[in-house]
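Worksheet for the structure shown next.
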Amino acid sequence: MATHPSILFQLGASHHTAPLAVREKLAIDAARASDLATRLGQITGVREFALVNTCNRVELYGVASTADAFPALHAALGAVTGCTPAELDSAVTLRQNHAAIGHLFAVASGLDSQIVGETEILGQVKQAYDAALAQHWTGPVLNRVFQKTFQAAKHIRTNTGIGAGQISIATVAVDLAGRIFGELAHTKILVVGAGDIGLKTVQAFQSRGATGITVASRTLAKAEEAAALAGGWALSLADLPEAVAGADIIASSTSSPDFILTRELIAAGIKRRPARPLFLIDLALPRDVDPATAELANVFLYNLDDLAEIAEENLAQREAEVAKCQAILADRTAALWPQVAHSLNAPGTS
Amino acid sequence: MASLFTDRALLWLGALLYLAGFLAGLIGLTRRQSPTGLRTMLNILLIGGWGFQWLGLYQRGLVGRGCPLGNTFEIVQFVAWSAMLVYFFVGSTFRVSLLGLFTAGYAATLALVSLLIPQWDLVRGQKLFGNNPWIEAHAALAVFSYGVFGLLTLTSLMQLLQNWSLKNKRLNGLFWFLPSIVQLEQINYRLVLLGVTLLSISLSVGASWWVRNIESVHLPKLMVTVGVWLAYLIVLLLRWRGRLVSVRFAWVCLILFGLALLSLGPVNANRHGYQPVILTPR
């Protein structure tokens, strides 16, 4: 009896193929993911599988003995997510063999992400693989493909500029602070104004290890409320001169029509700690920080436009790297495919 | 075969390896290679260059029966060699990105310029130190401190570049790899402290012999040497008191090293017991 090779497949939907309303249905929690895995395990002919489930994509990777398994996979996805066949038909794509490998490489490298070059996806793919491995859902084909995927993603991150530069206002500010202070763990951050954008920026700094947070607001009660959220100290604006002298980074986002941080105030503050630089982040419109402060030695002032411009430049640079990354991944896919094809042809996998 | 490895041939090899390190580093940067990979490649080339330079200077030291500081050529080579040695310690301790590239460019420039100016090596002093190891140590430490100040000049230049980049919002290209302002400030402070300490020890040793024979050192050399030491000491004290920081500190270090390099001429020309020997043209 003649045997035919098994098929390596990728079946799923992402932000490229599905509108938000469908993605909301496709976003499955742990319980439904477990339900889906159970159903996949029951489909005749599906020998290996792993589920990559993030906020922007639900993708199944697996090995099927024949193409006959695909309608059952489709149905399992529909049953678990509650999507109609029409929604699935328009959102779900199926890639096979060489194309499936290339797609997984691109996903793990961040090329297929909504924010090109983001790094979180690699961790999510690793988690997906680890979960599948722990449950014995993977086999020789997927194990090899995923291991090669991680190597390819690491190579892309190390040897291209796809992940260079930050692309959101808050992370650009954190990146700049790193270029001024190096380690951020011991920097003192003063947030002027209890607005949302200021607190989001604080969160970004905290994610890089910053702990010394102080919030200053026109009313102490508001400052205390925001400081409780940020896990820091509270001050009223009357205490600004003292606070400015002690701060390394000041992020200001009040709704004041006048400058809150004047040249005189900053000059007086920096004079008391001349050896340490001061990073001013003006997140307010109209601006809170007098532009003349930028003329002071050891003071670095960035406003919203500056940060947005850097973010745009970084994004453009990342996008310019995409073609280079795709060429590298195409070579790696071509190199891996014969090995995978050999495994798919092996008697044990068909 | 042995004649191929003359002192100058070895010094040429060293200089060319420094240059290769600098060029490889620059190419790596334009291709946005990872700082780790770049550092490894650079360090291999720089260690090779430093090794050859060491062998070349060692051969000259054997011929001169003392530390190879007999003429401008040897002093400039020794300054480059010292700067590289200090970089190996500073670079591995603080992992300052791009410092290797800057040091490679600096050492290659000094070494190549000294090799390309034959006049610097036509005449060489003999028995410079009167077989006195203390005087030899004094001279070697003084020139070594110039190596430290040379590295300080490079880190000051990096600080000026980083400051310019952050002030003018030009953050890509070479600037992307520069160390942080705070890291550069800390390294500058430590380097000026190290340089002043070495020069102070050197001058203390020299002074202890000078008081026994005041006429042994000519006045211009004495004034220039003490002037350089005093200038760096004042810079150190002002930095310590927080009166000279950031860009102003970096500019002062840059200018001061230029003046210190220029002072090597008068210092070299006013050595006691300088018995010039015309070397065979190479």
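Taking the options B:59, B:53, name whichever one is crowded, with 20+ Cβ neighbours inside 10 Å and not assigned by TED's automatic domain parsing to the domain that holds residue B:138.
B:53
Within region B:145-160, can one find any residue that is touching a residue at least 12 places away in the same chain (Cβ under 8 Å), in the same structural domain as residue B:257 (by TED's automatic domain parsing), surrounded by fewer than 19 Cβ atoms within 10 Å (Cβ to Cβ) and not acidic (Asp, Glu)? Please lay out each step first, then the result.
Just the residues of region B:145-160 that are touching a residue at least 12 places away in the same chain (Cβ under 8 Å), to begin with: B:145-160.
This time we only want the ones that are in the same structural domain as residue B:257 (by TED's automatic domain parsing), so: B:145-160.
Checking the rest, the ones that are also surrounded by fewer than 19 Cβ atoms within 10 Å (Cβ to Cβ) come to B:157, B:160.
Filter once more, so that each one left must be not acidic (Asp, Glu): B:157, B:160.
Yes, because at least one residue in region B:145-160 is touching a residue at least 12 places away in the same chain (Cβ under 8 Å), in the same structural domain as residue B:257 (by TED's automatic domain parsing), surrounded by fewer than 19 Cβ atoms within 10 Å (Cβ to Cβ) and not acidic (Asp, Glu).
What's the number of the condition residue A:275 fails, among (1) buried (at least 16 other Cβ atoms within 10 Å of the Cβ); (2) within 19 Å of residue A:194 (Cβ to Cβ)?
Going through the list (1) buried (at least 16 other Cβ atoms within 10 Å of the Cβ); (2) within 19 Å of residue A:194 (Cβ to Cβ), residue A:275 breaks only (2).
Can you tell which of B:97, B:3 is surrounded by fewer than 18 Cβ atoms within 10 Å (Cβ to Cβ) and at pLDDT below 90?
B:3
Per-residue answers, yes or no, for (1) touching a residue at least 12 places away in the same chain (Cβ under 8 Å); (2) assigned to a helix (DSSP H, G or I); (3) more than 24 Å from residue A:46 (Cβ to Cβ); (4) within 14 Å of chain B (Cβ to nearest Cβ):
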| position | (1), (2), (3), (4) |
| --- | --- |
| A:79 | yes, yes, no, no |
| A:94 | yes, no, no, no |
| A:107 | yes, yes, no, no |
| A:117 | yes, no, yes, yes |
| A:127 | no, yes, no, no |
| A:131 | yes, yes, no, no |
| A:146 | yes, yes, no, no |
| A:149 | yes, yes, no, no |
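Restricting attention to region A:144-190, report how many residues are at positive phi and under 21 Å from the mean Cα position of the chain (by Cα). Steps first, please.
So the first thing to find is which residues in region A:144-190 are at positive phi, and the list is A:165, A:182.
Remaining after also requiring under 21 Å from the mean Cα position of the chain (by Cα): A:165.
Residues meeting the conditions: 1.
Please go through region B:163-172 and pick out each residue that is within 7 Å of chain A (Cβ to nearest Cβ) and either within 26 Å of residue B:79 (Cβ to Cβ) or not in a loop (DSSP other than H, G, I, E, B) (or both).
B:166, B:167, listed by residue number.
With the condition kept exactly as written, say whether any residue in region A:338-345 is more than 13 Å from chain B (Cβ to nearest Cβ), of a type in the set (S, T, N, Q) and under 33 Å from the mean Cα position of the chain (by Cα).
For region A:338-345, residues more than 13 Å from chain B (Cβ to nearest Cβ), of a type in the set (S, T, N, Q) and under 33 Å from the mean Cα position of the chain (by Cα): present.
Conditions (1) in a strand (DSSP E or B); (2) at pLDDT below 95, marked per residue:
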residue: A:266; (1), (2): no, no
residue: A:280; (1), (2): yes, no
residue: A:284; (1), (2): no, yes
residue: A:292; (1), (2): no, no
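Just to check your reading of the model, which residue among A:13, A:67, A:27 is over 18 Å from residue A:101 (Cα atoms) and either in the same structural domain as residue A:132 (by TED's automatic domain parsing) or exposed (fewer than 13 other Cβ atoms within 10 Å of the Cβ) (or both)?
Being over 18 Å from residue A:101 (Cα atoms) and either in the same structural domain as residue A:132 (by TED's automatic domain parsing) or exposed (fewer than 13 other Cβ atoms within 10 Å of the Cβ) (or both) holds for just one of A:13, A:67, A:27, which is A:27.
Does region A:151-194 hold any residues that are part of a helix (DSSP H, G or I), more than 14 Å from every other protein chain (Cβ to nearest Cβ) and more than 11 Å from residue A:205 (Cα to Cα), and which are they?
Within region A:151-194, A:151, A:152, A:153, A:169 qualify.
Say we look at region A:298-319 and pick out the residues that are touching a residue at least 24 places away in the same chain (Cβ under 8 Å) and among the aliphatic types (A, V, I, L, M); which of these is farthest from residue A:151 (Cα to Cα)?
Once the filter is applied, the top-ranked residue is A:299.
I'm told residue B:175 meets every condition in (1) surrounded by fewer than 18 Cβ atoms within 10 Å (Cβ to Cβ); (2) more than 10 Å from chain A (Cβ to nearest Cβ) except one. Can you identify the failing condition by its number?
(2)
The values are calculated or read from the model by the stated rules, or taken from the named source; none is laboratory data. Every value quoted in this text rests on a predicted model; they were computed, and no experiment measured them. Glycine gets a Cβ as well: all are built from the backbone with ideal geometry, and neighbour counts include every protein chain shown.
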